[in-house]
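Working notes, beginning with the structure itself.
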């Protein structure tokens with residue numbers, strides 16, 4: 001969820017925003033119907049109105065939509081844009097759109113429910129022959145020499161001032177990929193295509209790519225960098241490739257557990273996988289480095305191994321585990337059972353406070369919890 005400052009950073013990214021502006025100007029015709037998916041501050045929706053759209057549906061799941069409403073009103077567009085506060089997958093529109101525009105990516109296009117939301121919008125919102133912006137994203141990867149980025153993997157875990165053995169933490173840090181900024185002169189191998197997300201045809205949110213890279217020169221390498229080239233519409237797009245202008249997205253850095261001394265011509269076989277699970281992605285990167293017939297390094301990494309998982313938690317996730325509500329679960333179950341459409345939140349809070357006086361010694365404490373669950377699970381009136 002982006003903050004106001006985060007949205008401001010996106011708008012201030014002139015390369016990104018300028019490319020979207022050009023793509024919208026080319027796609028929106030007088031009388032067009034436009035859907036702005038994840039409208040944020042409503043910029044794309046307002047631009048669509050400026051370019052002649054007859055109707056604009058601006059969909060946003062966060063409370064930031066209230067700011068977008070105010071910005072639209074301040075720019076004379078309030079009557080031209082229908083703001084819809086909901087997840088797009090739960091929205092029904094009265095008509096099909098000539099243009100659907102969105103930027104739901106993170107560092108890479110494989111981000112949260114980005115692909116699934118786009119597939120749904122394409123199939124339910126876009127009219128036959130309509131335009132989807134962006135058109136496609138092409139993801140690339142290469143080895144990089146980035147010692148300053150790699151220090152988060154090695155220091156303080158392997159080189160701390162106390163002389164402590166903290167290798168257990170090093171094992172976790174080495175399995176965490178992160179957003180970074182990689183310079184062009186840090187690219188240490190040839191690049192290869194991870195995959196193409198073609199928004200006109202994509203269905204699966206996952207990727208599984210096997211790449212063959214070649215070291216460009218002698219020197220230490222520290223991991224893999226990934227980036228994407230975006231084609232918003234024909235001849236309009238941008239790239240967050242290393243060495244290009246800095247964009248809001250940054251680059252993805254997948255570290256190795258330790259630096260590897262490469263020689264020019266060394267072969268790096270990489271398998272990079274991203275699998276969507278529970279609304280987020282599980283990344284796995286497997287690297288094998290060879291010099292002729294000699295194996296130089298072999299790493300098996302995944303962000304599954306980036307956090308400690310207590311045995312008790314694993315057991316609770318087992319299919320054979322017999323579940324029973326804990327204290328907080330019983331409280332929430334009681335609150336939800338009272339949300340049957342007959343009681344005001346204040347009345348529910350009083351009943352919950354009476355039933356769980358130790359948990360909610362004050363009525364106001366219960367009301368805060370009831371309101372939280374109402375906002376999360378309640379049906380909009």
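Every number in this text was worked out from the coordinates using simple rules, so none of it is lab data. The structure displayed is predicted, hence computed values, not measured ones. Note that we place each Cβ from the backbone using ideal geometry, even for glycine, and neighbour counts take in every protein chain shown.
On full extension, the segment bounded by residue 322 and residue 374 gains 15.9 nm, given 0.36 nm per residue less the C-alpha separation. Protection proxy ranking, highest mean first, for peptides 74-80, 116-122, 345-351: 116-122, 345-351, 74-80, where packing is the per-residue count of other beta-carbon atoms within 10 Å, averaged. Each of 302, 233 has some number of other Cβ atoms within 10 Å of its Cβ, and from fewest to most they run 302, 233. If the segment from residue 261 to residue 293 were pulled out straight at 0.36 nm per residue, it would be longer than the present Cα-Cα gap by 9.9 nm. Beta bridges per DSSP, both residues in the chain: antiparallel share near 75 percent. Over the residues of the chain, the helix contribution to mean residue ellipticity at 222 nm works out to -8500 deg cm²/dmol, using -39500 (n - 2.57) for each DSSP H run of at least 4. Between residue 86 and residue 62, the modelled label-to-label distance comes to 2.1 nm, taking each label 7 Å out from Cα in the direction of the beta carbon. Which residue, 72, 319, 97, has the most motion in a Gaussian network model of the chain that connects Cα atoms within less than 10 Å? With Cα springs under 10 Å in the chain, the top fluctuation among 72, 319, 97 is at 319. Computed over the chain with a Gaussian network model linking Cα atoms closer than 10 Å, the most mobile of 278, 114, 150 is 278. In the chain, Cα pairs under 8 Å separated by at least six residues give a relative contact order of 13 percent.
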